[in-house]
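Here the structure comes first, spelled out in structure tokens, and everything after it is commentary.
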Amino acid sequence: MIENKVIIREGIMRKSIVINEDQLFTDFKKLSTERKKEVADFIAYLKVKEEIEVTKEILKDKDLLKSIMRGDEDFKAGRFKKWSEVKENV
């Protein structure tokens, strides 16, 4: 059984929600095809939302953003090593 505990903060109050993934999958299997499509759409929406949030966090970190830009410039200029050369030392 896979369980994850999620703590939700609402102002001063906190409440814990235990997520039982096995039960989620069991419940999902019982849904109609139409409801499964709705769940799939919602999951896709949440995935995109999370990716956007992570992207915003990266964009806030100016040093990380500069490092990414330098890496991109290095790659375009051919200043990189092939993975086959590097992996021997990893």
- Message: Cβ contacts < 9 Å: first residue of a type outside the set (G, A, S), restricted to region 70-90; second residue modelled with pLDDT of 95 or more, any location; separation 6+ or different chain. Result?
- Response: R79/E73; F80/G71; F80/D74
- Message: Quick check on this structure: which one of S32, S84 is among the small types (G, A, S) and modelled with pLDDT under 95?
- Response: S84
- Task: Mind telling me which of the residues A44, A77 ends up being of a type in the set (G, A, S) and surrounded by 10 or more Cβ atoms within 10 Å (Cβ to Cβ)?
- Result: A44
- Note on the structure: In region 14-41, residues that are surrounded by fewer than 10 Cβ atoms within 10 Å (Cβ to Cβ) and in contact with a strand residue (DSSP E or B) (Cβ under 7 Å, 6 or more places away or on another chain) total 5
- Message: Just to be sure I understand, how many residues within region 35-57 are modelled with pLDDT under 95 and among the aliphatic types (A, V, I, L, M)?
- Response: 1
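The values are calculated or read from the model by the stated rules, or taken from the named source; none is laboratory data. This is a predicted model, so every value here is computed, not measured. Using ideal geometry, Cβ is built from the backbone for each residue, glycine included, and neighbour counts are taken over all protein chains shown.
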